[in-house]
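Worksheet for the structure shown next.
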Amino acid sequence: MVIAAVSSIAQFFVSVNYNMVDYLPEDAPSTNAMEVMDEEFEGSTQNVRVMLQDVTIQEGLHYKEQLSSIDGVSDVMWLDDAIDLKTPIEMADKDTVETYYKDNNALITLSIRDGDEVEVTNAIYEIIGEENAMSGEALNTATSQTMAGKESMYAAALLVPIIIIILVISTNSWIEPLFFLIAIGVSVLINLGTNIFIGEVSFVTQSVAPILQLAVSLDYAIFLLHSFSDYREKVADPKEAMQLAMKKSFPAIAASASTTFFGFIALTFMKFEIGSDLGVNLVKGIVLSFISVMVFLPALTLWLYKWMDKTQHKPIIPKFKNVGRRIIKLKIPSILVVLIIIIPAFLAQSNTNFIYGIGDQPEETRAGRDIIEIEETFGKSTPVVLLVPKGDTAKEDELVQDLDNLPDVTSVLAYVNAVSPVIPPEYLDESVTEQFYSEKYSRIIIYGKTATEGERAFSLVENVKELAESYYGDASHTLGESVTLYDIKHTVEKDNTVVNLLTVITIAIVLLLTFRSLSIPIVLLLTIQAAVWINLAFPYFTNSSLVYVGYLIISTVQLAATVDYAILLMEGYKENRQQMSALRAIKQTLDEKIFSIAVSASILSSVGFILWGTSSNPVVSSIGLLLGRGALLAFVMVICFLPAMLLVFDKVINKTTLNANYYKES
C-alpha cells in the first residue's frame, strides 16, 4: 500500500509524448532529415494552416505579423513570400496566388515549436477568433493533449461502475468485487508510478495501458477468490483455505499471465516505438498484477474476509444448466461458417485501407469543423520540405522548375523563384535569405494538393525524393508530415510480420508447456486467431479506414488477452474428459465454464467500447472499437467453434497429448 501511495504521486511526474514522429527509428530517413534541419535552420517544418475569411491583402499581412509575434511560432509564410506584392496580383500566376489567397480568404502556413502546441494554438485562436479556422499536425497534437486527461477520467468513471456491476452479478458477496478492484488497482497505480524510471510514455500507452491491464488481469483475482470461496466450504481455517486456494489456482493464473506476458513481449520488438512503449508498460503491468494477486490479495483477503461473510447474497444469476446441450447442436454449422469465412477474413484484413497517422479530428469538434472549412475553400494541402546542398544556383533553379511540374504540386517556394537566381544571396540582408539558405543547405518548400497521407500523398513524396536524388544523389533530405507518415508506413509494415509471428510462436510454446500437447496449441490458436482475422476484416467490408497502429497492436493484444478464454475451457474439458465421454465432457464443461468466460469477455469488451466511445483521439478510439468487438468475437468462437473442434479432433488430441488419460467407454 505504501508503494501504491508513492506511485500514485509519482505518476504525475511522468511526461506524455503526443508526437508520433518521435517514435520513428533513429535510422529512418525523415528522422535524419529533421536532425539536419534542426542543425541548419532555426525554424522547422510547417505544421499548421490558418484560414482568415473575408480579408484584404493588407489585413492578411497584419494577421501574418501578429501570428509571427507569438512565442513558439516560426516560418510564417503567406502570399508575400511567393510573389512580389508591389505588382498587381492579377498579373501573378493564378495557381500560386490561389494557394494563399482565394475569394478574399487568406491561408497562412506556419510552424509551432514542439512541446508548446497547446499554449501556441490557444494564442492563435485568440488572434483569429471564432469566425476563422485552423488545422494541421500541431493542432491535432494540442487537441489530443487537451482532451486526454478529461477523457481518461470520463472513461474510468464509466468503466469502474460497469465492472463492479458485472462482478457483483458473478459473485455471492457485495464487497468481494472491491477486493478484485483493489488488488488490480494497486498494481495499475504501481505500474503508472514506476513509469517515472522510464521518464516518458506515449499518449497511446497513457490512454490504453492502465485500462487494458485492469481488464486483462482481473481474471487472476477472480480465479483466486473463487477458489478461496470453494475451500472455505471444505476447510474451517481461512488461512488453510487460502493456502489451498493459492496452490490450486496458481497453475491457471500462471498460464493465463504467461500467454498475456509473452504476447505483449512481442510488441517490444516493434521498430515503431509506440508499440514497444506500450509493450513494455503492459508486460510490466502483467508482472505487477500477478505479484499483487499472489502476494497482496491473499493478505488483504485474510485481513478482511469477515466482511465478505457479512455481505453474502444469493446468486443473482442462476447456474447455467443444459446450455452445453444447446450449444453443441450448433457444432456442424459453427465449423462450416468459420471454414467459409476464415480465408476471406484473412485476405480482407490484410487489404484494409490504412491510416498511418493520428487520423482526422471528429467533425463535432472545432478542429474537425475547421479542417472541413479550410479544405472546402483551399482543398487539401501538405508541404514537403527539401534540403539540397547549397552552391549550384543553376542546378537548383532547374530542380525547382522540375518540381513545379510534378503531379499534385500547386507551388514551389525557393530562393531562385521567390528572390532571383541571378542575385547572389550574400548581397542581400540575412532576413531575406535565412529562410532559404543555411551554411550548407538550400531549403525548398513544395506545396502539394493532397491529403497528408494516402496513395497520392505518398506518390508525391516518392516523386520528390526521386527527382532530388537524380540531381544530388544521397546528399538531399526530405521532410514534412507526409514524409514522416511515409516512413511510418514502411516501418510498421515490417513490424507487422515480426510481431505477429513472435506472438503466435511464444503463445504456442506456453500452451505446449501448459498442456504438454502438440495438437491443443494448434486448436486453441486457430480459434482465437480466426476471431482476430474476422475482427480486423470488418473495416474492409464496411469500406472504412483503419488506423494502422491500432491494427498492429490489436492483432497482438486480442490474441494475448482472449486466449485465456480458450485455456479456461480447455482445462475444464481435459479434466472432465478423463472421467466421461467427449460429448458429455464438452456439455458439462460448457455448463461449468461459460459464465466465467462471459464475465471475462464482458469486462474486456466493456473496456474496449468505453475507450471507443469516450476518446476523441482516432488511434485510441480505433484500438477501443477493435478490442471491444474482438472480445465478443473471441467469446463466440470459444463457446461455439472450439467445442466443435475438440469433438472432431478428440482422438488426435488424445494421441498427441502426454498423459491425456482420456476416459474409454467399455
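The values are calculated or read from the model by the stated rules, or taken from the named source; none is laboratory data. Keep in mind the model is a prediction, meaning the values are calculated, not measured. For neighbour counting, all protein chains shown are included, and Cβ atoms are generated from backbone atoms with ideal geometry for every residue, glycine included.
What to note about this one:
- Single condition residue 589 does not satisfy, out of (1) more than 21 Å from residue 144 (Cα to Cα); (2) without any contact (Cβ under 8 Å) to a residue 40 or more places away in the chain; (3) in contact with a Gly (Cβ under 8 Å, 6 or more places away or on another chain): (2)
- Of the candidates 495, 474, the single residue that is in contact with a Leu (Cβ under 8 Å, 6 or more places away or on another chain) and among the acidic types (Asp, Glu) is 495.
Residues are listed down the side, and each one gets a yes or a no for (1) within 26 Å of residue 74 (Cα to Cα); (2) among the small types (Gly, Ala, Ser); (3) touching a helix residue (DSSP H, G or I) at 6+ places or on another chain (Cβ under 8 Å):
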position	(1), (2), (3)
438	yes, yes, yes
442	yes, yes, yes
454	no, yes, no
486	yes, no, yes
496	no, no, yes
504	no, no, yes
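- Residues in region 342-354 that are surrounded by 15 or more Cβ atoms within 10 Å (Cβ to Cβ) and assigned to a loop (DSSP other than H, G, I, E, B): 352 alone.
- Of all residues in region 657-666 being surrounded by 16 or more Cβ atoms within 10 Å (Cβ to Cβ) and touching a Ser or Thr at 6+ places or on another chain (Cβ under 8 Å), the one that is modelled with the highest pLDDT: 657
- When 67, 107, 85 are screened for being crowded, with 19+ Cβ neighbours inside 10 Å and either under 20 Å from residue 409 (Cβ atoms) or at pLDDT below 90 (or both), only 107 passes.
- Evaluation of residue 410 against (1) over 24 Å from residue 29 (Cα atoms); (2) surrounded by fewer than 14 Cβ atoms within 10 Å (Cβ to Cβ) (one fails), failing number: (2)
- Residue in region 34-51 that is at positive phi and at pLDDT 90 or above present: no
- You will find that of 394, 451, 418, 457, the residue that is loosely packed, with under 14 Cβ neighbours inside 10 Å, hydrophobic (A, V, I, L, M, F, W, C) and farther than 30 Å from residue 263 by Cβ is 394 and no other.
- Of the residues making up region 311-341, those that are within 30 Å of residue 301 (Cα to Cα) and part of a loop (DSSP other than H, G, I, E, B) are 311, 313, 314, 315, 316, 317, 318, 319, 320.
- Residue count for region 89-100, restricted to those that are at pLDDT 85 or above and within 20 Å of residue 74 (Cα to Cα): 1
- Residues satisfying the stated conditions in region 127-163, i.e. among the hydroxyl-bearing types (Ser, Thr, Tyr) and part of a helix (DSSP H, G or I): 141, 143, 144, 146, 152, 154
Table: residues versus (1) over 24 Å from residue 154 (Cβ atoms); (2) among the β-branched types (Val, Ile, Thr); (3) surrounded by fewer than 20 Cβ atoms within 10 Å (Cβ to Cβ).
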{"residue": "617", "(1), (2), (3)": "no, no, no"}
{"residue": "622", "(1), (2), (3)": "no, no, no"}
{"residue": "625", "(1), (2), (3)": "no, no, no"}
{"residue": "636", "(1), (2), (3)": "yes, yes, yes"}
{"residue": "641", "(1), (2), (3)": "yes, no, no"}
{"residue": "644", "(1), (2), (3)": "yes, no, no"}
{"residue": "649", "(1), (2), (3)": "yes, no, yes"}
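- Residues located in region 1-48, provided they are in a strand (DSSP E or B) and aliphatic (A, V, I, L, M): 16, 48
- Residue that is farthest from residue 134 (Cα to Cα), among those in region 49-90 that are part of a strand (DSSP E or B) and free of Cβ contacts under 8 Å to residues at least 40 places away in the same chain: 74
- Of residues in region 473-513 being modelled with pLDDT of 85 or more, surrounded by 22 or more Cβ atoms within 10 Å (Cβ to Cβ) and among the aliphatic types (A, V, I, L, M), the one nearest to the chain's Cα centre (by Cα): 488
- Just one of (1) among the small types (Gly, Ala, Ser); (2) surrounded by fewer than 23 Cβ atoms within 10 Å (Cβ to Cβ); (3) in contact (Cβ under 8 Å) with a residue 12 or more places away in the chain; (4) not assigned by TED's automatic domain parsing to the domain that holds residue 60 fails for residue 157. It is (3).
- Selection status of residue 228, surrounded by fewer than 20 Cβ atoms within 10 Å (Cβ to Cβ), in contact (Cβ under 8 Å) with a residue 24 or more places away in the chain and part of a helix (DSSP H, G or I): no
- Region 402-516 holds strands (runs of 3 or more DSSP E) entirely within its bounds, and those carrying 3 or more residues that are within 19 Å of residue 40 (Cα to Cα) map to 441-448, 477-479.
- Residue match in region 369-386 (condition: more than 31 Å from the chain's Cα centre (by Cα), of a type outside the set (Gly, Ala, Ser), surrounded by 15 or more Cβ atoms within 10 Å (Cβ to Cβ) and under 25 Å from residue 468 (Cα atoms)): no
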